[in-house]
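Note sheet for the following structure.
The values are calculated or read from the model by the stated rules, or taken from the named source; none is laboratory data. Predicted, not measured: the structure shown is a model, and the values here were computed from it. Every residue, glycine among them, receives a Cβ derived from its backbone with ideal geometry; neighbour counts consider all protein chains shown.
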């Protein structure tokens with residue numbers, strides 16, 4: 001893989017035990033020096049400089065990706081999904097948006113119809129599916 005100074009990469013690492021590879025780690029970094037088989041990298045968080053083999057790097061091409069777009073705002077009748085974290089547990093809900101509760105001074109909530117049951121979710125956790 002051809003890497004150049006200034007390229008943005010994800011560097012892959014792992015935790016290994018007697019049972020084998022038990023966890024993969026990923027670090028976002030910028031290439032600041034290029035050698036024959038290895039590169040100097042600077043981590044995005046913390047700025048630490050380190051060396052890594054090129055084969056552990058995945059180049060990110062962010063050309064054409066805009067940073068000025070917002071998620072689609074759900075409308076009544078949309079099929080939506082909510083994923084949120086509560087006490088380190090990930091909660092996943094899906095259904096048709098049937099009601100939006102917007103009380104001043106409180107979080108905006110959504111009522112979802114899932115089959116014959118209703119579920120409630122924070123409005124800002126909704127993703128439009130259809």
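Quick check on the stretch 19-39: of everything there that is part of a strand (DSSP E or B) and more than 16 Å from residue 50 (Cα to Cα), which residue is modelled with the lowest pLDDT?
In this case the residue turns out to be 21.
Within the stretch 40-49, work out how many residues are without any contact (Cβ under 8 Å) to a residue 12 or more places away in the chain and either within 30 Å of residue 108 (Cα to Cα) or part of a strand (DSSP E or B) (or both). Outline the logic, then answer.
Step one: of the stretch 40-49, the residues without any contact (Cβ under 8 Å) to a residue 12 or more places away in the chain are 40, 46-48.
Filter once more, so that each one left must be either within 30 Å of residue 108 (Cα to Cα) or part of a strand (DSSP E or B) (or both): 40.
Qualifying residue count for the region: 1.
If I go through the stretch 29-47 residue by residue, how many of them are within 23 Å of the chain's Cα centre (by Cα) and either under 16 Å from residue 2 (Cα atoms) or exposed (fewer than 11 other Cβ atoms within 10 Å of the Cβ) (or both)?
7
Looking for whichever is farther than 21 Å from residue 124 by Cα and free of Cβ contacts under 8 Å to residues at least 40 places away in the same chain here; the options are 95, 105, 33. Which one fits? Show your work before the answer.
Values: 95 fails: farther than 21 Å from residue 124 by Cα; 105 fails: farther than 21 Å from residue 124 by Cα.
Among 95, 105, 33, only 33 is farther than 21 Å from residue 124 by Cα and free of Cβ contacts under 8 Å to residues at least 40 places away in the same chain.
How many residues are outside any strand (DSSP E or B) and under 18 Å from the mean Cα position of the chain (by Cα) if we restrict to the stretch 58-82?
We begin by selecting, within the stretch 58-82, every residue outside any strand (DSSP E or B); these are 61-78.
Right, trim to under 18 Å from the mean Cα position of the chain (by Cα) and you get 61-62, 65-72.
Going through the stretch 58-82 one residue at a time, the tally reaches 10.
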